[in-house]
Amino acid sequence: MGNTFKTAFLLTALTLLLMAIGRAFGGQTGMIWALIIATGTNFVAYFFSDKIALATYRAQPVTREQLPRVYSVVERITQKIGLPMPKIYVIPTESPNAFATGRNPAHASVAVTHGILGLLNDEELEGVLAHELGHVNNRDILISSIAATIAGAITYVARFGFFFGGMGDRDDRRGGAGSLLMLILAPIAAVLIQLAVSRSREYQADETGAHFTGNPYALASALAKLDAYSRRVPMAATPSTAHLFIIQPLLGMNFGSLFSTHPPVAKRIERLTGRPAEFTR
């Protein structure tokens with residue numbers, strides 16, 4: 001019920017925000033057009049947010065013959081817990097990471113980067129895949145995917161508003177100020193919506209994944225490796241989709257913590273093993 005309420009809240013918030021922007025720029029007519037756009041955006045966010053996330057990182061579908069190592073693990077876990085088999089994707093980057101997306105367990109996808117396959121041993125990879133299936137089982141993949149789509153849409157609207165406002169007369173300070181305000185406030189609104197995706201979901205997915213495998217130490221070892229290696233080989237991720245990944249991608253900005261939706265890796269390891277981690281983040 002919690003995720004259902006959050007989903008409805010995010011879609012409603014997007015509608016109201018777009019209508020307010022439409023009214024500011026086009027009066028009542030602009031508000032009506034914004035409502036039409038919001039309706040279409042909500043439809044896309046609900047049914048296609050997973051495909052947008054996968055396309056953002058050029059994820060490619062792979063067959064069982066191409067990636068038997070991943071398929072065997074995922075098939076074993078899904079059969080054990082009674083989940084449908086998700087689609088499997090590979091992201092062409094050497095930065096190690098993974099995420100799950102989709103609107104429900106029957107329409108789920110799990111994506112792993114090329115780099116994670118070479119970095120982790122079989123037990124560690126199983127821990128990561130079990131974590132992602134934990135997200136599917138906990139039914140928080142829809143809210144995560146919609147939050148990514150909405151955050152990206154708001155940021156796009158902000159940039160469009162900025163350039164649209166800049167096309168007016170130079171003396172039209174009101175339009176310029178309004179556009180600049182949108183450029184500043186809309187990404188902040190996107191972050192607020194993104195943060196509706198609770199940090200606790202990572203703890204829950206860690207716990208669920210460890211329960212699936214019965215081996216919390218493997219996931220803890222994987223998290224430590226992923227955290228260390230992703231610093232050396234950072235991933236170019238957008239702030240609006242960074243929360244999807246098992247490890248927070250380095251966003252290349254001074255206020256990366258503002259966009260952080262992940263608990264510290266050290267605390268996740270401590271919860272899994274019952275012992276303090278050897279590093280902090």
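Exactly one condition in (1) in a helix (DSSP H, G or I); (2) within 26 Å of the chain's Cα centre (by Cα); (3) without any contact (Cβ under 8 Å) to a residue 24 or more places away in the chain is not met by residue 78; state its number.
(3)
Return the residues of the stretch 224-243 that are in contact with a His (Cβ under 9 Å, 6 or more places away or on another chain) and either outside the structural domain of residue 89 (by TED's automatic domain parsing) or of a type in the set (A, V, I, L, M, F, W, C) (or both); say none if nothing qualifies.
242
Would the stretch 202-218 turn up any residue that is at pLDDT below 65 and assigned to a loop (DSSP other than H, G, I, E, B)?
No; the residues of the stretch 202-218 include none that is at pLDDT below 65 and assigned to a loop (DSSP other than H, G, I, E, B).
Filter the stretch 233-248 for residues that are in a helix (DSSP H, G or I) and not small (Gly, Ala, Ser); which is modelled with the lowest pLDDT?
So the residue we want is 243.
I need the full set of residues from the stretch 106-118 which are buried (at least 20 other Cβ atoms within 10 Å of the Cβ) and either farther than 16 Å from residue 55 by Cα or of a type in the set (Phe, Trp, Tyr) (or both), in order please.
The answer is 115, 116.
Of the conditions (1) closer than 30 Å to residue 235 by Cβ; (2) surrounded by fewer than 18 Cβ atoms within 10 Å (Cβ to Cβ); (3) of a type outside the set (Gly, Ala, Ser), residue 33 satisfies every one except a single condition; which number is it?
(1)
With respect to residue 41, determine if the residue is surrounded by fewer than 13 Cβ atoms within 10 Å (Cβ to Cβ) and polar (S, T, N, Q).
Spelling it out, it is not the case that residue 41 is surrounded by fewer than 13 Cβ atoms within 10 Å (Cβ to Cβ) and polar (S, T, N, Q).
So that you can scan it fast, the table gives a plain yes or no per residue for (1) at pLDDT 80 or above; (2) in a helix (DSSP H, G or I); (3) in the same structural domain as residue 93 (by TED's automatic domain parsing):
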| residue | (1), (2), (3) |
| --- | --- |
| 23 | yes, yes, no |
| 27 | yes, yes, no |
| 32 | yes, yes, no |
| 42 | yes, yes, no |
| 46 | yes, yes, no |
| 66 | yes, no, yes |
| 73 | yes, yes, yes |
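Quick check on the stretch 71-79. Is at least one of its residues more than 26 Å from residue 214 (Cβ to Cβ) and surrounded by fewer than 19 Cβ atoms within 10 Å (Cβ to Cβ)?
No, the stretch 71-79 has no match at all.
Kindly provide the set of residues from the stretch 208-237 that are under 19 Å from the mean Cα position of the chain (by Cα) and within 16 Å of residue 81 (Cβ to Cβ), ordered by number.
208, 209
Among what's in the stretch 49-60 and is surrounded by 15 or more Cβ atoms within 10 Å (Cβ to Cβ) and part of a helix (DSSP H, G or I), pick the residue that is modelled with the highest pLDDT. Break it down stepwise before answering.
Looking only at the stretch 49-60, we keep the residues that are surrounded by 15 or more Cβ atoms within 10 Å (Cβ to Cβ), and these are 49-54, 56-57, 59.
When the remaining residues are screened for being part of a helix (DSSP H, G or I), the result is 49-54, 56.
On the way: 49: 87, 50: 91, 51: 93, 52: 91, 53: 91, 54: 96, 56: 92.
My answer is 54.
Can you say whether residue 230 is among the hydroxyl-bearing types (Ser, Thr, Tyr) and either within 16 Å of residue 147 (Cα to Cα) or not in a helix (DSSP H, G or I) (or both), as far as the supplied structure shows?
So residue 230 does not fit the description; no.
Would you check if residue 174 is over 14 Å from the mean Cα position of the chain (by Cα), surrounded by fewer than 19 Cβ atoms within 10 Å (Cβ to Cβ), under 21 Å from residue 112 (Cα atoms) and at pLDDT below 90?
Working: over 14 Å from the mean Cα position of the chain (by Cα): yes; surrounded by fewer than 19 Cβ atoms within 10 Å (Cβ to Cβ): yes; under 21 Å from residue 112 (Cα atoms): no; at pLDDT below 90: yes.
Judged against the criteria, residue 174 is not a match.
If residue 94 meets every condition in (1) farther than 16 Å from residue 109 by Cβ; (2) of a type in the set (D, E, K, R); (3) in a helix (DSSP H, G or I); (4) in contact (Cβ under 8 Å) with a residue 60 or more places away in the chain apart from one, which number is that one?
Only one criterion is unmet by residue 94, namely (3).
For the stretch 97-151, enumerate the residues that are within 18 Å of residue 227 (Cα to Cα), of a type outside the set (A, V, I, L, M) and not in a helix (DSSP H, G or I).
97, 99, 113, 121
The values are calculated or read from the model by the stated rules, or taken from the named source; none is laboratory data. The structure displayed is predicted, hence computed values, not measured ones. For neighbour counting, all protein chains shown are included, and Cβ atoms are generated from backbone atoms with ideal geometry for every residue, glycine included.
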